[in-house]
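Take a look at the structure below.
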Amino acid sequence: MNYETPVKSMTVTSYGMFTDKGNYMVGRIVEAAQGLIQLDGDELNAWQFAYRELMKLGHTDEFGEATDTAVREEVYEAIVTDHFSIPFYI
């Protein structure tokens with residue numbers, strides 16, 4: 001039997017990281033946060049999740065810039081649509 005496997009093209013969005021690998025890692029966090037929004041519709045929960053994951057990623061030697069304000073702003077913009085209700089600084 002042959003099963004058709006959906007293949008998602010791999011594109012790397014720039015989130016302000018220094019390398020494509022870093023942008024890829026942050027992109028995975030953004031995708032997971034967007035998935036949370038689809039599940040429960042709570043952007044604050046998704047932003048808190050993404051922020052926490054960026055902090056964890058930033059503790060590695062290779063991706064220390066994950067905690068930079070520019071990266072956090074890019075992730076926030078990718079996740080949050082209601083900028084008046086969801087605070088950037090949490």
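Laid out as a table, the results:
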quantity: Residue match in the range 2-19 (condition: among the charged types (D, E, K, R) and at pLDDT 95 or above); calculated: no
quantity: Any chance Phe88 is surrounded by 13 or more Cβ atoms within 10 Å (Cβ to Cβ), part of a loop (DSSP other than H, G, I, E, B) and in contact (Cβ under 8 Å) with a residue 24 or more places away in the chain; calculated: no
quantity: Residues (under 15 Å from Phe88 (Cα atoms) and among the charged types (D, E, K, R)) located in the range 55-72; calculated: Asp68, Arg72
quantity: Residues of the range 17-35 that turn out to be surrounded by fewer than 20 Cβ atoms within 10 Å (Cβ to Cβ) and in a loop (DSSP other than H, G, I, E, B), as a count; calculated: 2
quantity: Selection count where residues are under 12 Å from the mean Cα position of the chain (by Cα), under 19 Å from Ser14 (Cα atoms) and in contact (Cβ under 8 Å) with a residue 24 or more places away in the chain, scope the range 30-72; calculated: 11
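The values are calculated or read from the model by the stated rules, or taken from the named source; none is laboratory data. Predicted model, so just to flag it, every value in this text is computed and none were measured. All Cβ positions, even for glycine, are placed from backbone atoms using ideal geometry, and neighbour counts span all protein chains on display.
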